[in-house]
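Down below is the structure, laid out as structure tokens.
Bear in mind these aren't lab numbers, they're just calculated from the coordinates by the rules spelled out. These figures come from a predicted structure and were not determined experimentally.
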Amino acid sequence: MTTVVLEIDPQLYLLLQEAALAHRLSLEEECRRRLAGEERPSRYLQALVAELRADDQQRRATRT
């Protein structure tokens, strides 16, 4: 399994924690729920996912 380390703004982290509590989910489950599109899309999370995908593509390109 791959481990991903994210640097998240402290205010955003608190908002995610509050949303997780409100939905009775863990923080990880809340993030997955948002990424799956079950919540209004977050521009921040969409940008983060795009950056992670670009990094992954670049990493794969350097291996070959």
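List of remarks:
- Close amide-amide hydrogen proximity is noted between His23 and no other residue 5 or more places distant or on a separate chain, at a cut-off under 5 Å (H modeled in the peptide plane; Pro and chain starts excluded).
- The chain - mean residue ellipticity at 222 nm from DSSP helices (-39,500 (n - 2.57) per run, n ≥ 4, rounded to 500): -22000 deg cm²/dmol
- Structure-derived Cα Rg over 2.2 N^0.38 Å - corresponding label in [x] 1.28; [y] 2.16; [z] 1.02: [x]
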